[in-house]
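What follows is a single structure, written as structure tokens, with notes after it.
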Amino acid sequence: MAAPNSETVPADTIAAAPTHVVELFTSQGCSSCPPANKFIGKISHQDGVLALTYGVTYWDYLGWKDTFGDPRFTKRQRDYRAILGTPNIYTPQIILNGSDHSPRYSEKDVLSAKLAESSPTSHIRMKNGKLMIDSNAPKGSVVAFVSYIPGEHVVDVKRGENRGRNLQLTNVVTDIEKMPWTGDVIDTKVKAETGVAYAALFHAPKTGNIISVATYAP
């Protein structure tokens, strides 16, 4: 275990680790995305599900710039393209546990795609006002450290393909940083903010599949 430098936190203050990770790549400028946005909102309330919404930027030219879009989220989707061997990127794209993708899934699909019970154990903890990540994941894993705004958000789209629609978005990602996992505790240097939640997604060294997850909400 790589946790000798993290401060002790009572067990009842640590959130149970998610058993399902659902990542949606979407765009407010994509007329095909609203049903997937609603699905993410629904599935996010299931026990054990971590649902995250990333706004991509490559549809901004259609007349509406995604208010949550970020080139880093587009890059994460392109990284998944390389991992999954898909011919292109598209929206909406839902990725389950970093290993499967589709423009649409059912609730049954998501709940049947569960991380292995033998998954490594990971935590996000607070130390000296900063967030720390520790895990017994194998060295060579890659950590995606994500910040997101939990809950539902409504965007009034005034131009583009979704003009006049109020789009519902859930657990909107606002920041992401990729970090190599060397087996030592990671000092993220991030000060936890009220109203923001955090997740550390551990990707396997060879397959890129998500093998462990930790979350933290102040």
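The values are calculated or read from the model by the stated rules, or taken from the named source; none is laboratory data. Remember, predicted model here, so these are calculated numbers, not experimental data. All Cβ positions, even for glycine, are placed from backbone atoms using ideal geometry, and neighbour counts span all protein chains on display.
Can you work out which of the residues in the range 73-94 that are closer than 12 Å to Thr53 by Cβ and β-branched (Val, Ile, Thr) is farthest from the chain's Cα centre (by Cα)? Step by step, filter the range 73-94, then rank; the result is Thr91. Screening Thr86 against (1) free of Cβ contacts under 8 Å to residues at least 40 places away in the same chain; (2) surrounded by 13 or more Cβ atoms within 10 Å (Cβ to Cβ); (3) more than 28 Å from Thr74 (Cβ to Cβ) leaves a single unmet condition, (3). For the range 110-117, state whether one or more residues are assigned to a loop (DSSP other than H, G, I, E, B), surrounded by fewer than 16 Cβ atoms within 10 Å (Cβ to Cβ) and free of Cβ contacts under 8 Å to residues at least 60 places away in the same chain. Looking for residues that are assigned to a loop (DSSP other than H, G, I, E, B), surrounded by fewer than 16 Cβ atoms within 10 Å (Cβ to Cβ) and free of Cβ contacts under 8 Å to residues at least 60 places away in the same chain, one finds at least one in the range 110-117, hence yes.
Whether a residue is surrounded by fewer than 16 Cβ atoms within 10 Å (Cβ to Cβ), in contact with a strand residue (DSSP E or B) (Cβ under 7 Å, 6 or more places away or on another chain) and not in a loop (DSSP other than H, G, I, E, B) was assessed, and Lys42 does not pass this test. Among the residues here, Asp79 qualifies as surrounded by 14 or more Cβ atoms within 10 Å (Cβ to Cβ) and at pLDDT 95 or above.
Starting from residues that are part of a strand (DSSP E or B) and surrounded by fewer than 20 Cβ atoms within 10 Å (Cβ to Cβ), keep the ones in the range 126-143 and report whichever is nearest to the chain's Cα centre (by Cα). Within the range 126-143, the match that is nearest to the chain's Cα centre (by Cα) is Val142.
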